[in-house]
1. Of the conditions (1) surrounded by fewer than 18 Cβ atoms within 10 Å (Cβ to Cβ); (2) farther than 27 Å from Trp127 by Cα; (3) free of Cβ contacts under 8 Å to residues at least 24 places away in the same chain, Ser19 satisfies every one except a single condition; which number is it?
2. Could you list, in sequence order, the residues of region 146-175 that are among the polar types (S, T, N, Q) and in a loop (DSSP other than H, G, I, E, B)?
3. Among the strands (runs of 3 or more DSSP E) contained in region 30-145, which hold 3 or more residues that are on the phi < 0 side of the Ramachandran plot and surrounded by fewer than 20 Cβ atoms within 10 Å (Cβ to Cβ)?
4. Consider Ser64 carefully, then state whether it is over 17 Å from the mean Cα position of the chain (by Cα), modelled with pLDDT of 95 or more and more than 30 Å from Asp15 (Cβ to Cβ).
5. Quick check on region 92-103. Is at least one of its residues of a type in the set (D, E, K, R), more than 30 Å from Arg140 (Cα to Cα) and touching a residue at least 12 places away in the same chain (Cβ under 8 Å)?
6. Quick one: which of Thr61, Thr50 is under 30 Å from Met186 (Cβ atoms) and of a type in the set (S, T, N, Q)?
7. From the residues in region 198-241 that are of a type in the set (S, T, N, Q) and part of a loop (DSSP other than H, G, I, E, B), which one is surrounded by the fewest Cβ atoms within 10 Å (Cβ to Cβ)?
Amino acid sequence: MVQNDSKVPLLAVEDISVSYGQVKAVKQASLAVFPGEIVVLIGANGAGKTTLLETILGINTPVSGVIRFLGKDITGNPSDRNVRAGLCLAPEGRGVFASMSVLDNLLLGAHHNMHNVGKNLRRVYDWFPILEQRKDQIARTLSGGERQMLAIGRALMSAPRLVMVDEPSLGLAPRVVNDIFNILSMLNHEGYTMLLSEQNAHKALKCAHRGYVLGTGSITLSGTGQQLLNDPGVREAYLGA
């Protein structure tokens, strides 16, 4: 994995709180992602992981707190502006446009960066050869693993500075999960900085530089991937040990 030599975070989330009506989905959460890292956000279903990622992108508006990207305050910015600035979010695999072809899904991901669309498409096909083989196929006919690859590939078409991936292993067979995490590690070696949310704590922490534990909307623990793997509370709650 790429080693972090920078002391300045690419992304800094400071005391972010998000509510849906009376429900407090995220409560004063803070995290940082440094250039070259894989950072994972682990927690049970409903802990607020997706809400936090969507808030960073600009889909949700926080009620308090600050989000900084590339040193600039982006709190409350619309998502399309944040995508143009270099943020992207790959949803879990059912987040692709099911009635569109693989190629059209990928091209949609490039709508903010059409100048280099041919180069970026070639790189995505090099990383995901199956997508080139399936380029004319309707997305709903892909396997779960192929849909997840398409979601990641579509995000990469925007040439992002930070790739956020939401629940990359959700609903996938163990062999396919291995493939997806191998791809994420490969992309990190290629220079991509990544923030993942994941219920499969073991797989996520094995590939991560650092991680955060999110419990019912609040960050309860943080550390290196290895530290969290060895933490008794994490092992009991998320690793079945």
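1. Ser19 satisfies every listed condition except (3).
2. Applying the first criterion (among the polar types (S, T, N, Q)) to region 146-175 yields 148, 158, 169.
Ser158, Ser169, listed by residue number.
3. Values: elements: 38-42, 64-69, 87-90.
In region 30-145, 64-69 are the strands (runs of 3 or more DSSP E) which contain 3 or more residues that are on the phi < 0 side of the Ramachandran plot and surrounded by fewer than 20 Cβ atoms within 10 Å (Cβ to Cβ).
4. Details: over 17 Å from the mean Cα position of the chain (by Cα): yes; modelled with pLDDT of 95 or more: yes; more than 30 Å from Asp15 (Cβ to Cβ): no.
Here the answer is no, as Ser64 does not meet what is asked.
5. First, pick out the residues of region 92-103 that are of a type in the set (D, E, K, R): 92, 94.
Next, from what is left, pick out any that are more than 30 Å from Arg140 (Cα to Cα): none.
There is no residue in region 92-103 that is of a type in the set (D, E, K, R), more than 30 Å from Arg140 (Cα to Cα) and touching a residue at least 12 places away in the same chain (Cβ under 8 Å).
6. Working: Thr61 fails: under 30 Å from Met186 (Cβ atoms).
From the options Thr61, Thr50, the qualifying one is Thr50.
7. Step one: of region 198-241, the residues of a type in the set (S, T, N, Q) are 199-200, 216, 218, 220, 222, 224, 226-227, 230.
Within this subset, residues satisfying the condition of being part of a loop (DSSP other than H, G, I, E, B) are 199-200, 216.
Working: Gln199: 16, Asn200: 21, Thr216: 14.
The selected residue is Thr216.
The values are calculated or read from the model by the stated rules, or taken from the named source; none is laboratory data. These numbers come from a predicted model, not from an experiment. Cβ atoms come from the backbone with ideal geometry, glycine included; neighbour counts cover every protein chain shown.
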